[in-house]
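The values are calculated or read from the model by the stated rules, or taken from the named source; none is laboratory data. These numbers were taken from a predicted model, which means no experiment stands behind them. FYI the Cβ positions are ideal-geometry reconstructions off the backbone, even for glycines, and counts take in every protein chain you see.
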Amino acid sequence: MIKLVKIPDEIYPMYRSDVIFNGYKWDPQVGDHNTVSDYVLVMDQKTADYLDEQAEKLSEETMNLEETVLTKPDLIKKLGLPRKIQKALLKIKNYSREDNIRLMRFDFHPTTTGWMVSEVNSDVPGGYAEGSILPEIACKYLPNVQPHHNLGNELLKAFIQKVPENGHIGLVYATSYSDDRQVMQFFGDLLKKNNRFAHYLAPDHLTWTGSGVSSLLTPGINLAAILRFFPLEWLITLPHKAYWQNYFTSGVASCNHPITITTQSKRLPLIWDKLNVPTDTWKKLLPKTVDPRMAKGIKGNWIYKPALGRVGEAISIKKAITEKEYKKILKAVKRNPKYWVAQEMFDSLPLPTQENTEMHLCVGVFTVNGKRAGFYGRICPYPRIDANAKDIPILILKE
């Protein structure tokens, strides 16, 4: 059971202010578009357990896939990754799952045939505060509901296991963007409350030596771990390779290690049968995915996705984009098909609202080190969940 429940109009302004000032939602707009929904999603415990169970299975399969593809250079070439990243991946010799922290978010959608997954946000998934504080805030405004797992607390536990008390952690992000800073500030405040020091850093603030890694802002202090909230394909645009290549080879505990870019690629399904790794859950939940050049000869309702697309960008769902954008995507696919995939489009099942409209839903299910860690919800009036989608807390109905 899932349903949209409206926050009463008379208390919504109070709720929105609460979210902005106490829920680290400093940037609650996209242009003139408010992204703090006046709805919450309520689901029963059985549905929540099902999504958690599937996400844990997907996590195990995903980690096995990325560790295996690292040993197969010829298959790495088929993932649509920039050449600099391909070369850097081949230099990874000391990766250990146990030495790092693994954070993922699987995007689930209700469809006419049941729950399906559109992708895994494997490299730098967002939604920290939305998967932690937002549900707790919403519970103050609605009866008979409770939060699910708290992502911030689960991620904190993983860092505490790696970093001793009074240890130092580098929070690496795009320092020009307030919406990225709010994510890092949320987790940095959690670290501070638990006797760990957070260092807010641009990716080129790190100094790598044989003894470890430190910050240019605080020389002489070694960082025990790194939390990277900076997409890997952005990292390689830094002016000097010394700024980014060490992320691939350093032994410092990392969340997430650059190995994750292999499973961030939407082209992963094109090669997973050659990896001899079980993918039963992925094949059950992900729509059929092929190379764009193959889709023309296969019947089906196909949409195109960029291999490293994020936040729903450049996905060719006709109902969600203009004709101009659609034609632009088709030209890009034709020009460079190796950087795209064709995926069979599922029929998103919209949920009714109190205003007699319909909203399409995405439930982001987090895992930390393969274990369930929280939900992040977004809704949109059209079936592409993109930058204009509204953040919606996901709450569990009390028995």
**Report entry** Number of the exception - Gln146 against (1) at pLDDT 95 or above; (2) polar (S, T, N, Q); (3) closer than 30 Å to Gly188 by Cβ
**Finding:** (1)
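Name the residue, out of Val213, Val145, Val163, that is of a type outside the set (Ser, Thr, Tyr) and touching a Ser or Thr at 6+ places or on another chain (Cβ under 8 Å).
On the way: Val145 fails: touching a Ser or Thr at 6+ places or on another chain (Cβ under 8 Å); Val163 fails: touching a Ser or Thr at 6+ places or on another chain (Cβ under 8 Å).
The match here is Val213.
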Query raised in the report: Going through the range 224-241 one residue at a time, which ones are within 20 Å of His199 (Cα to Cα) and touching a residue at least 60 places away in the same chain (Cβ under 8 Å)?
Result: Ala224, Ala225, Leu227, Arg228, Phe229, Phe230, Pro231, Leu232
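Taking the conditions exactly as written (at pLDDT 90 or above and either more than 21 Å from the chain's Cα centre (by Cα) or within 30 Å of Asn64 (Cβ to Cβ) (or both)), does Thr322 satisfy them or not? Lay out the reasoning, then the answer.
Details: at pLDDT 90 or above: no; either more than 21 Å from the chain's Cα centre (by Cα) or within 30 Å of Asn64 (Cβ to Cβ) (or both): yes.
Answer is no for this residue.
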Report task. Could you grab me the full set of residues in the range 107-120 that are in contact with a strand residue (DSSP E or B) (Cβ under 6 Å, 6 or more places away or on another chain) and small (Gly, Ala, Ser)? Result -> Ser118
Report summary line: Checked the range 242-285 for anything of a type in the set (Lys, Arg), surrounded by fewer than 18 Cβ atoms within 10 Å (Cβ to Cβ) and in contact (Cβ under 8 Å) with a residue 60 or more places away in the chain; matches are Lys274
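Looking only at the range 61-84, count how many residues are touching a strand residue (DSSP E or B) at 6+ places or on another chain (Cβ under 9 Å) and over 15 Å from Leu270 (Cα atoms). Walk me through how you get there before you give the answer.
As a first pass, look at the range 61-84 and keep what is touching a strand residue (DSSP E or B) at 6+ places or on another chain (Cβ under 9 Å): 62-63, 80.
Now drop any that are not over 15 Å from Leu270 (Cα atoms), which leaves 63.
Residues meeting the conditions: 1.
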Query raised in the report: Right, Arg181: closer than 25 Å to Ala202 by Cβ and either aromatic (Phe, Trp, Tyr) or surrounded by fewer than 21 Cβ atoms within 10 Å (Cβ to Cβ) (or both) or not?
Result: yes
Query raised in the report: Restricting attention to the range 92-106, does a residue exist that is assigned to a helix (DSSP H, G or I), out of contact with any strand residue (DSSP E or B) (no Cβ under 8 Å at 6 or more places or on another chain), on the phi < 0 side of the Ramachandran plot and buried (at least 22 other Cβ atoms within 10 Å of the Cβ)?
Result: no
Report summary line: With criteria (1) small (Gly, Ala, Ser); (2) farther than 25 Å from Phe187 by Cα; (3) surrounded by fewer than 19 Cβ atoms within 10 Å (Cβ to Cβ), Ala295 comes up short on (3)
Report task. For the range 268-282, enumerate the residues that are under 15 Å from Phe106 (Cβ atoms) and in a loop (DSSP other than H, G, I, E, B). Result -> Thr279
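In the range 286-304, how many residues are without any contact (Cβ under 8 Å) to a residue 40 or more places away in the chain and within 19 Å of His109 (Cα to Cα)? Walk me through how you get there before you give the answer.
Keep residues of the range 286-304 that are without any contact (Cβ under 8 Å) to a residue 40 or more places away in the chain, which gives 296-299, 304.
Next, from what is left, pick out any that are within 19 Å of His109 (Cα to Cα): 304.
Matching residues across the range 286-304 total 1.
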**Report entry** Failed condition for Arg372, given (1) charged (D, E, K, R); (2) within 30 Å of Gln29 (Cβ to Cβ); (3) buried (at least 16 other Cβ atoms within 10 Å of the Cβ); (4) in contact (Cβ under 8 Å) with a residue 24 or more places away in the chain
**Finding:** (2)
Report task. Using the structure shown, decide if Ile315 is closer than 25 Å to Ala387 by Cα, of a type in the set (A, V, I, L, M), touching a residue at least 12 places away in the same chain (Cβ under 8 Å) and surrounded by 20 or more Cβ atoms within 10 Å (Cβ to Cβ). Result -> yes
